[in-house]
Amino acid sequence: MGAGPASGEGPADGRVLIASNRGPVSFRLSDEGRLSATRGGGGLVSGLSAVANHPNALWVCAALGEADRAAARRAPGGRLGLDGTPGGSGVRMLDIPPTVFHRAYNSVANSTLWFVHHMLYDTPNQPHFGSAFSREWESFRTYNRAFAEALAEEAGPAAGPPIRAVVQDYHLSLVPRMLADLRPDVRIAHFAHTPWAPPAYYRMLPDEVGREVLEGVLGADHAGFLCQRWADAFLDCCAAVLGPEGARVDRERRQVDYQGHVTGIGVHPLGVDAGGLVSRAAAPDVRARAVALAEAAAGRKLILRIDRTELSKNIVRGLAAYRELLTTHPEWLGRVVHVAFAYPSRHDLPEYREYTASVQRLAGEISEEFGTEDWNPLILQVDDDYPRSLAAYRLADVLLVNPIRDGMNLVAKEGPILSDRGCALVLSREAGAAAELGADALLVNPFDVSGTAEALHAALQMTEPERKRRAESLARAASAMPPTRWFAEQLAALDRPGDR
Ligand code: G6P
């Protein structure tokens, strides 16, 4: 890992191409057919938005729905500004045929690769790799090829300063290999924003698919991960799946030699731009929401969680832990409010719709069981209101982040930075963030509901000075690697001879 930005690391030194499925902007179509742009969501977009604003950078992304397609078609060459202005220069949005996109994004990326890396399968029933999957996999290749071809084209002439392509996440795991074949002159990085599955789980994938994903990533000169654990799992998969004859895994030098091409392996733990976040959280819209939320809490302790409605986030067990807290520690009855903000995600997938329904069902049961005329124990909101989330961070006494498995989890990092009084963090040991925040958080096994309930109890009881001390130290760790530095490190790794 590089020590930080230095000469030769910035986009100023040559063309930088970013590629990800979700881009910095997406569109809505009104009933009158008018398009309006909104900011893309999720950790990946937050991380990259800070660095995409450079004249040498171009962000290649997919049109995610009909409104995006309409915007991409209206813009010459699919070119948009980062804010969605047609004809801008920061974004190229690919209009991939809807069936191909649906199979690649929903069936392969989100229902297969995401499930494998987060270990989400109910294995007696899923996965089921039959003939439908072969078709879906073929579409995944086509979708990856569309990105590789667009990147090859956008790279421009080979002469001149180095051209670097930074390819993001599991959706695009085949792109590095495909792009390297098309443009051997382009320096390629891949970054995984998810965990990586251990070999025993990874090998559920059909053999040729498991190989192709690894070979795809190994087409890159540098492969980055959010924490050491996921990097190690990747190396373990290379050794187990590609075999000692195929892949030479050198753990000391952190590299894999596959068929004569060397890929450097790096750990780049994405953090938060604390200054930017704090100033956004001081804006009037956030202050207004903080007032409303403080009124709802009415001086009671506030336990907060903020997630996408995402299976891996473990919202149901989190609510079950809160119920158990109220049962086993009745001294908290009437003295605490749990605020759960879960913004909608991936609702094309039935598992996600069912999961959201279970979250709502359990929340209803808790309110029914414990609520009184003057105390609402649980506020669950399933919608997206960014300023309201920032307001809640400021007021929280306890932040609950209990994913089954998570690449990093930026909520765990944002909370301590924004909390006015210093919040206690209850954190899953299976989140990548645990590597950096574990010492000052209360770590939990995400499957242990009783253990999580006890951790919530301990967090609520923590003394003010102790909470403050821990929150300060959490905030320091959370802002150690702001997105600009995280990105600069990946570019710098591409410039080091060992990684070429
Ligand atoms: C995770 C993934 C990102 C993804 C985000 C939101 O953070 O690593 O690649 O963009 O979730 O998910 P979505 O499917 O809505 O893009």
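Read the figures in this text as sums done on the coordinates, not as results from a lab. Only a predicted model underlies this, so the values are computations on that prediction, with no experimental measurement involved. Positions of Cβ are generated from backbone atoms using ideal geometry, with glycine treated the same way; all protein chains shown enter the neighbour counts.
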Determine the dipole magnitude for the chain: charges of +1 sit on the beta-carbon of Lys and Arg, -1 on that of Asp and Glu, nothing else is charged, the reference point is the Cα centre, and the result goes in debye to the nearest 20.
-> 780
At q = 0.16, 0.20, 0.26, 0.33 Å⁻¹, what base-10 log of I(q)/I(0) does the Debye formula yield for the stretch 105-149 when every alpha carbon is treated as an equal point scatterer in vacuo?
-> -0.46, -0.67, -0.96, -1.17
So how tilted is helix 228-237 from the main axis of the chain? Cα-based, degrees 0 to 90, rounded to 10.
-> 50
The chain: relative contact order from alpha carbon pairs under 8 Å, six or more residues apart, as a whole percent, is 15
R0 = 25 Å: FRET efficiency of Ala158 with Gln259, Cβ-based, nearest 0.05?
-> 0.65
Over the stretch 221-312: Kirkwood hydrodynamic radius from C-alpha pairwise inverse distances, Å | 17.5
Please work out the Cα center distance from the stretch 414-467 to the stretch 38-114, rounded to the nearest Å.
-> 35
Ellipticity estimate at 222 nm from DSSP helix runs (n ≥ 4, -39,500 (n - 2.57)) divided over the chain, nearest 500 = -12000 deg cm²/dmol
Across 10 Å bins from the origin, how do the percents of Cα pairs in the stretch 23-178 run, short distances first?
-> 10, 35, 35, 16, 4, 0
Using the Karplus equation 6.51 cos²θ - 1.76 cosθ + 1.60 (θ = phi - 60°), what ³J(HN,Hα) coupling, rounded to whole Hz, does each residue of the stretch 476-492 give in order, writing x for Gly and Pro?
-> 5, 5, 5, 9, 5, 10, x, x, 4, 6, 4, 6, 4, 4, 5, 5, 5
Points 7 angstrom from Cα along the Cβ direction at Asp181 and Thr38: gap in nanometres?
-> 3.8
Under the 7 Å Cα-to-Cβ spin-label approximation, Gln360 and Ala439 lie apart by a distance in nanometres of 4.4
Quick one: give the max-minus-min coordinate of the C-alpha atoms of the stretch 274-478 along each principal axis, largest first, in Å.
-> 38, 38, 34
Set Lys and Arg Cβ to +1 and Asp and Glu Cβ to -1, take the dipole of the chain about its Cα centre, and tell me which of Phe234, Ile303, Leu491 lies farthest positive.
-> Leu491
Per residue, how big is the convex hull around the C-alpha atoms of the chain? Give it to me in cubic angstrom, could you?
-> 151
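Kindly state, to the nearest 0.05, the FRET efficiency for Ala480 paired with Asp31, given R0 = 51 Å and r defined as their beta-carbon distance.
0.65
Highest mean first, what order results for 118-128, 380-390, 421-431 on Cβ atoms within 10 Å? Each step should come with its number before you reach the end.
On the way: 118-128: 12.5, 380-390: 16.6, 421-431: 24.3.
By packing density, highest mean first, the sequence is 421-431, 380-390, 118-128.
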Label point 7 Å out from Arg74 along Cα-to-Cβ: which residues of the stretch 17-54 have amide N under 15 Å?
-> 26-38
What size of dipole, in debye to the nearest 20, comes out for the stretch 274-478 about its Cα centre when the only charges are +1 on Lys and Arg C-beta atoms and -1 on Asp and Glu C-beta atoms?
-> 580
Assuming R0 = 35 Å, what is the FRET efficiency of Leu120 and Trp375, from their Cβ-Cβ distance, to the nearest 0.05?
-> 0.50
Please give the length that would be gained between Ala292 and Asp348 if that part of the chain were fully extended, namely 0.36 nm times their separation in residues minus their C-alpha to C-alpha distance (nm, one decimal).
-> 16.9 nm
Taking the simple approach of a point 7 Å from Cα along Cα-to-Cβ for both His329 and Lys301, what is their distance in nm?
-> 0.5
Sorted by chain and number, the residues with a modelled amide H under 5 Å from that of Leu443, at a separation of 5 or more or across chains, are Leu427
